[in-house]
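What follows is a single structure, written as C-alpha cells, with notes after it.
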Amino acid sequence: MIVKQEGKTMTNIAVQATGKYLRLSVQKVNRVLAQIRGKSYQEAKLILQFMPYRSCDSINKILDSAVSNAEHNHGLEKKDLKIESIFVNQGPKMKRFQPRAQGRAFPIHKPTCHITIVLTTSQTA
C-alpha cells in the first residue's frame, strides 16, 4: 500500500510469522492476544514478559520470529514495528484415550492452534 502524505510517498511494509500446531487452547491464547493487539513491539514484549500464562512463551517466540523476518528480509528496525494483526486459528485435535474402570476408555481431546502475527511499519520512499 502506498500513501501520499505532504509531498512524501509512504510505503507500508507488512511482515508475517506463523506458529503452527502449538499444543495450546484457542481460548487461552486469545485472552493473551487481546492484550497485545495493536501495540508496538516493545510494549508487546513487556506485556508478555509479565503475564502469568503458559501461552506467552509461544507467542513471544513467534513475535521474535516476525521481528527477525523484518530485520533480515526488509532491513527494518525493531523500534519502528507495530502489531497490525494478530490472530489464532483452531488446529486439529489430538485424540487420546484415558483408561477407566472395568475396561472402559474415555476419549480425551488435546487441542492445537495456529498463531499468526503481522507487523507493519511506514517507510519514506
Using amide H atoms built 1.01 Å from N in the peptide plane, name the residues 5+ places from Lys39, or on other chains, whose amide H lies under 5 Å from its own.
Ile83
Taking the chain and dividing mean pair separation by its residue count, relative contact order in percent (alpha carbons under 8 Å, at least six apart)
40
Can you list the residues, at least 5 places off or on another chain, whose amide H is less than 5 Å from the amide H of Leu76, using H built in the peptide plane?
Glu71
In Å, the Kirkwood estimate of hydrodynamic radius for the chain over Cα pairs equals 16.3
Run the simple label-point estimate for Ala34 and Phe50 please: 7 Å along Cα→C-beta, distance reported in nm.
2.0
If I fit a long axis through the Cα atoms of helix 41-50 and take the longest principal axis of the Cα atoms of the chain, what angle between them do I get, 0 to 90°, rounded to 10?
30
Give the lysines whose C-alpha is closer than 18 Å to that of Lys95, dropping any in the same chain fewer than 8 places away, or say none.
Lys20, Lys110
Applied in sequence order to the range 106-119, the curve 6.51 cos²θ - 1.76 cosθ + 1.60 (Karplus, θ = phi - 60°) yields integer Hz couplings, x standing for Gly and Pro, of 9, x, 10, 10, 9, x, 10, 8, 10, 10, 10, 10, 10, 9
Farthest towards the positive end of the dipole of the range 70-125, among His109, Val88, Ala70 and with Cβ unit charges of +1 on Lys and Arg and -1 on Asp and Glu, lies the Cα of His109
Against the longest principal axis of the chain, how steep is helix 55-74, in degrees 0 to 90 to the nearest 10, with axes from Cα atoms?
30
Lys, Arg +1 and Asp, Glu -1 on Cβ, resulting dipole of the chain about Cα centre, debye, nearest 20:
960
Mean ellipticity per residue at 222 nm, deg cm²/dmol - from DSSP H runs of n ≥ 4 across the chain, formula -39500 (n - 2.57)
-10500 deg cm²/dmol
Segments 93-99, 60-66, 77-83 sorted - mean Cβ within 10 Å per residue, highest first
60-66, 77-83, 93-99
log₁₀ I(q)/I(0) of the range 40-99 at q = 0.12, 0.19, 0.23, 0.30 Å⁻¹, via Debye over equal Cα point scatterers, no solvent, to two decimals?
-0.41, -0.79, -1.02, -1.32
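FYI, it's all coordinate maths here, none of it is from the lab. Note that this is a predicted model, so its numbers are computed, not measured. For neighbour counting, all protein chains shown are included, and Cβ atoms are generated from backbone atoms with ideal geometry for every residue, glycine included.
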